[in-house]
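The values are calculated or read from the model by the stated rules, or taken from the named source; none is laboratory data. It should be emphasised that the depicted structure is a prediction, and the values quoted were computed from it without experimental measurement. Cβ placement follows ideal geometry from the backbone for every residue including glycine, while neighbour counts extend to all protein chains displayed.
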Amino acid sequence: MTITVPSLAGVWQPGTTFGCIAGLPDPSKPNGVTPDYDDRETLFIAPLKGVSAKEEKIPDLPIVPVAEDEVTLPVVAHSAPAEAPKTIVRKEEWQRWNDYGIGLFLQGDLKAAAAAFAKITEADSIETNWVHTTPTSGIATAGEGTIQGPNFGNLCTGAGGGLTLGFWSNKNGQALESASDFTNLTALNLAKANGAAQDFTGSLSQNKTALNSFLLNANATNMANMLSAQLAAMYLNVVHGFVSGSAVLYVGNQPAGCTIPVVNGEITVSALITDANLELGAPGGNLTVASGQQRTCEEFKKTALDNANNNKNFVQPTACKHTFNTASCTF
């Protein structure tokens, strides 16, 4: 469940005008004032005779919003574990992190300074496919022999052979689809938009047409339907050898309350396929229209599979290029 709370950044309300003309403290609540605060309610009951105005009445002045904004607060179960805090680094804020790091360095806090300076590289990296999966600072001990230091768990993501829903619904994908594919797809807990089971029990030609319609018409109104479509595409990617089931995906931290076998934000393709299928087969997992924990978990898995089918989140076996914009550096 999500609660959206409107918040006014600035409101001009002529309450002081009302109070000056007709305001009196509520005599029935005399204890609302101390040397530190004044919480007395004001009643607009004072006599208007003799006020400096053309008419003896309270002016009808408008309340004018000067600026407004809204904040969306995610609400989870009371027993759900708290999500880890996240720091969002923006490119234009690199100098603030630099100044913060210098300040920490001058104070002698070298560990925190290193973490602050690391944020600069995050903010102004040209490539965007590098991910930190562990803390971005640590202590290295210099001594005889090899210097031992922390493993920062940096990884880069990219392609891994994934093919999209569009491929498996067009003539190129359909040329590869076999009767055994449709038998195995039927064995999965695939869900239609209305929550009914998506089975393929016709002829091979009929099943190809049915899969085409299923993939292209899937939507996230029922999150189980969209998850099912991405799951079907990834199953076909693996069974036809385009993607290895042992390939590792970087999917990030799972939402609070979800039980997904993710370690440091990573999961294998096979584990994700198995877990997504179990989620769809759980009670209520076939129809997740209303917001709630089950829909949130299904959306997380849907996004992970979608990114994999689009070749975005495969952990690369070797280091990727990593360069920085040096135009903003001062020497």
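Tell me the strands (runs of 3 or more DSSP E) entirely within the stretch 1-44 that contain at least 3 residues that are under 47 Å from the mean Cα position of the chain (by Cα) and modelled with pLDDT under 50.
2-12
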Notebook entry, point to check: Does residue 228 qualify as being farther than 15 Å from residue 176 by Cβ and more than 25 Å from the chain's Cα centre (by Cα)?
Noted result: no
Check: Is it fair to say residue 72 is modelled with pLDDT under 80, under 30 Å from residue 230 (Cα atoms) and assigned to a strand (DSSP E or B)?
Finding: yes
Checklist line | Test for residue 110: is it surrounded by fewer than 16 Cβ atoms within 10 Å (Cβ to Cβ) and either at pLDDT 75 or above or of a type in the set (Gly, Ala, Ser) (or both) | finding: yes
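Of all residues being among the β-branched types (Val, Ile, Thr) and not in a helix (DSSP H, G or I) in the stretch 265-304, which is surrounded by the most Cβ atoms within 10 Å (Cβ to Cβ)? Just the residue, please.
By that ranking, first place goes to 288.
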Item checked: Any chance residue 80 is modelled with pLDDT of 70 or more, surrounded by fewer than 18 Cβ atoms within 10 Å (Cβ to Cβ) and within 30 Å of residue 284 (Cα to Cα) -> yes
Next item on the list: Taking the options 221, 201, 209, name whichever one is more than 23 Å from residue 271 (Cβ to Cβ), surrounded by fewer than 23 Cβ atoms within 10 Å (Cβ to Cβ) and in contact (Cβ under 8 Å) with a residue 60 or more places away in the chain.
Entry: 221
Check: Would you pick out the residues in the stretch 37-62 that are more than 14 Å from residue 25 (Cα to Cα), surrounded by 10 or more Cβ atoms within 10 Å (Cβ to Cβ) and either touching a residue at least 60 places away in the same chain (Cβ under 8 Å) or not small (Gly, Ala, Ser) (or both)?
Finding: 48, 51, 56, 57, 58, 59, 61
Check: Which numbered condition trips up residue 194, out of (1) in contact (Cβ under 8 Å) with a residue 40 or more places away in the chain; (2) of a type outside the set (Lys, Arg); (3) in a helix (DSSP H, G or I)?
Finding: (3)
Check: Can you tell me which residue in the stretch 156-173 is nearest to the chain's Cα centre (by Cα), limited to those that are closer than 17 Å to residue 304 by Cβ and crowded, with 20+ Cβ neighbours inside 10 Å?
Finding: 157
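Let's see how each residue does on (1) at pLDDT 70 or above; (2) farther than 30 Å from residue 118 by Cα:
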| site | (1), (2) |
| --- | --- |
| 135 | no, no |
| 138 | no, no |
| 141 | no, no |
| 148 | no, no |
| 156 | yes, no |
| 164 | yes, yes |
| 168 | yes, yes |
| 173 | yes, yes |
